[in-house]
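Engineer: First the structure, which I've put down as structure tokens, then a few questions once you've had a look.
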Amino acid sequence: MCGIVGYIGHREAYPIVLKGLQRLEYRGYDSAGIALYDGEELKMCKTKGKVADLKNKFEEEVTTNGTVGIGHTRWATHGEPNDVNSHPHYSNSGDLVIIHNGIIENYDSLKKELKKRGYTFKSDTDTEVLVNLIEDVIINEKVKLGKAVQIALNQTIGAYAIAVFNKTKPDEIVVARLGSPLAIGVGEDEFFVASDASPFLEFTNNAIYLEDGEMAVIRRDKDVKVRKIHDDSLVDPYVQELQMNLEQIEKGGYEHFMLKEIHEQPNAISDTYRGRMLVDQGIIRMAGVDDNMERIANAKRIIIVACGTSWHAGLVAEYIFEDIARIPVEVEYASEFRYRNPVISENDVVISISQSGETADTMAAIKLAKEKGAFTFGVCNVVGSSISRETHAGAYTHAGPEIGVASTKAFTTQITVLTLMALKLGKFKGTISHSDFQFHLQELERIPEKVKEALKSDELIQEIAAKYKDAPNCLYLGRGYNFPVALEGALKLKEISYIHAEGYPAAEMKHGPIALIDEQMPVVVIATKKGHYEKVVSNIQEIKSRKGKIIGIVTKGDEEVRDLADYVIEVPETLESLTPLLTTIPLQLLSYHIAVLLGKNVDQPRNLAKSVTVE
Ligand code: F6R
């Protein structure tokens, strides 16, 4: 989704804003732009394409220095991706300039009103309407920029994170948020603005995260005044010290962020359980669960809401919660849940899973669940994110920043957190025996080493990728705990290689997908020893007799599938409930290598956004 960056201080703004935009590239975008004020003139440059294109264009066209600037990466919603629709946008007078992430839903009626008052528009965007609305308020109500932004936003319906600059008042930037993230980096006599902290991490670790419905006037060399957009009340800004470091958001020698993040999984998983799982003492500590144990353990039902890969983690969790804690679970796409008038009661616990903690549909689902009286619990990766703040309680995954658009370590760490939670609930409820509980902890502790072992199949997987990279379709099959892994494997392939892929429960194959199988069709089958092994082997035989190409994901030492399959990729043995943490690894690598061989943009696949902040 769109990314916004801003700077006001004593340094040259251009390199800071440009690098900030590069750091936000992972969010997904189709065009980019920058506006700088050099003390006299406001200079703007924008283009369809990548930040690298913007850099070339800017350095050809603009020779300006300035200590205030804003920049934007746009993911088109209103108006096609082109130079004109790219942000920033000027107001009609040319005094104001704005960048915006989100959607102004009533932009059309506002635009008609403004047109009647003589305003003209160059672009098709809702953003240009907003900047002119702000200008109109300044002119008609004779107020300063901050007040005008507030009055204008109170006339809008929709979602936004904005930064606005007025060249006649060059010592301030005004920002506001509702439904889209916005962080303010607080340095020594300088301030940064960004959709997340990554653009300013190298300058400061101090950040203010605006809450929904808040705006701020950031004054050069002075302060940040935060207030509520709706009722004008002042808010004491909380300056948070960030734990992230720069190294975590750079590639560290890997060719792509995705590959780095795949290889980070052993550490990410241990970071997730470190300090929570005390194996010797047979204890799991999770403050968000401990503090609300009765409420969660006595839930009549757990509803899990999420999107994409996080939804797949939710499906794995359904098996774990029901198996271990014996609580009925429903897993829903947040985007469906929020609009289907679901029956929710105070006895329900709604768990939202979100890497970014900003996904608009997941956020809306949580708000709905809260309105209906449910207890809400957030499993997020990004600390301080909107969903983590909106929920009654939660647990972070501690996976570290995930930059590659295709989610990898977020998935395995989400499963880890949810496993800990299920074990903890199971222990409290007495639905898991002491020895079983202990065995799970011991085995979970071994998972990082086993992931490392699974990663060793990389070379074999490259060979398999080369063999099947030109297949137009691919089928992924799994059962039980590994059915969601099949869905996830198919999603990874689709996302980054643009090959059509479907994930299915292996037994469902006979009810349709089997018609697709011929000698052209690679079928990836997860056939680990634990969990319906014999049944899955029968499915493999059915594929083989229809000449499908079989890639088996098997438990180390398996000979039966090896005899039937074209290729087998081994993963170490573990408990059935933990197999997704291992079987996912080869599927991530397979999609990665196929995409690389096909020359695709692995970290920023077309049309995709890392953080989907519009519905
Ligand atoms: C897939 C992927 C997306 C996200 C989905 C939810 O690789 O990254 O499907 O999983 O957009 O995002 P979060 O987890 O941030 O809510």
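Engineer: Looking only at strands (runs of 3 or more DSSP E) that lie completely in segment 4-77, which have at least 2 residues being touching a residue at least 12 places away in the same chain (Cβ under 8 Å) and surrounded by fewer than 24 Cβ atoms within 10 Å (Cβ to Cβ)?
Structural biologist: On the way: elements: 31-37, 42-48, 68-74.
Correct list: 42-48.
Engineer: Additional query: All but one of (1) within 16 Å of the ligand (Cβ to nearest atom); (2) on the phi < 0 side of the Ramachandran plot hold for residue 348; which doesn't?
Structural biologist: (1)
Engineer: Sticking with this structure for a sec: For segment 362-373: of the residues being surrounded by fewer than 24 Cβ atoms within 10 Å (Cβ to Cβ) and not basic (Lys, Arg), which is farthest from the ligand (Cβ to nearest atom)?
Structural biologist: It comes out as 373.
Engineer: Does segment 383-408 hold any residues that are under 22 Å from residue 366 (Cα atoms) and either outside the structural domain of residue 262 (by TED's automatic domain parsing) or within 8 Å of the ligand (Cβ to nearest atom) (or both), and which are they?
Structural biologist: Scanning segment 383-408 gives 387, 407.
For every residue, the table says whether it meets (1) buried (at least 18 other Cβ atoms within 10 Å of the Cβ); (2) more than 18 Å from residue 412 (Cα to Cα); (3) not assigned by TED's automatic domain parsing to the domain that holds residue 544.
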{"position": "462", "(1), (2), (3)": "no, yes, no"}
{"position": "468", "(1), (2), (3)": "yes, yes, no"}
{"position": "476", "(1), (2), (3)": "yes, yes, no"}
{"position": "482", "(1), (2), (3)": "yes, no, no"}
{"position": "499", "(1), (2), (3)": "yes, yes, no"}
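Engineer: Right, something else. Go through segment 78-114 and count every residue that is surrounded by fewer than 21 Cβ atoms within 10 Å (Cβ to Cβ) and assigned to a loop (DSSP other than H, G, I, E, B).
Structural biologist: The number of residues fulfilling the criteria is 13.
Engineer: Where in segment 518-615 are there helices (runs of 4 or more DSSP H), lying fully within it, with 1 or more residues that are in contact with a Leu (Cβ under 8 Å, 6 or more places away or on another chain), under 26 Å from residue 310 (Cα atoms) and at pLDDT 90 or above? Quick ask: steps written out before the conclusion?
Structural biologist: Values: elements: 533-544, 560-564, 579-597.
Once the helices (runs of 4 or more DSSP H) in segment 518-615 are filtered for at least 1 residues that are in contact with a Leu (Cβ under 8 Å, 6 or more places away or on another chain), under 26 Å from residue 310 (Cα atoms) and at pLDDT 90 or above, what remains is 533-544, 579-597.
Engineer: For residues in segment 307-341 being surrounded by fewer than 23 Cβ atoms within 10 Å (Cβ to Cβ) and more than 25 Å from the chain's Cα centre (by Cα), which is farthest from the ligand (Cβ to nearest atom)?
Structural biologist: So the residue we want is 326.
Let's see how each residue does on (1) of a type in the set (Val, Ile, Thr); (2) outside the structural domain of residue 25 (by TED's automatic domain parsing):
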{"site": "229", "(1), (2)": "yes, no"}
{"site": "234", "(1), (2)": "no, no"}
{"site": "239", "(1), (2)": "yes, no"}
{"site": "277", "(1), (2)": "no, yes"}
{"site": "301", "(1), (2)": "no, yes"}
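Engineer: Would you be able to tell me the number of residues in segment 472-518 that are at positive phi and without any contact (Cβ under 8 Å) to a residue 60 or more places away in the chain?
Structural biologist: Residues flagged as at positive phi and without any contact (Cβ under 8 Å) to a residue 60 or more places away in the chain within segment 472-518 amount to 1.
Engineer: If I filter segment 23-48 down to residues being within 22 Å of the chain's Cα centre (by Cα) and under 12 Å from residue 81 (Cβ atoms), which single residue comes out as modelled with the lowest pLDDT?
Structural biologist: Among those that are within 22 Å of the chain's Cα centre (by Cα) and under 12 Å from residue 81 (Cβ atoms), it is 28.
Engineer: Still on this structure, I have one more. Only one of 90, 37, 29 is farther than 29 Å from residue 407 by Cβ and either outside the structural domain of residue 139 (by TED's automatic domain parsing) or touching a Gly at 6+ places or on another chain (Cβ under 8 Å) (or both). Can you tell me which? Steps first, please.
Structural biologist: Working: 90 fails: either outside the structural domain of residue 139 (by TED's automatic domain parsing) or touching a Gly at 6+ places or on another chain (Cβ under 8 Å) (or both); 29 fails: farther than 29 Å from residue 407 by Cβ.
After ruling out the rest, the residue left standing is 37.
The values are calculated or read from the model by the stated rules, or taken from the named source; none is laboratory data. Nothing here was measured: the structure is a model prediction, and the numbers come from that model. Here the Cβ is made from the backbone with ideal geometry for all residues, glycine too, and neighbour counts use every protein chain on show.
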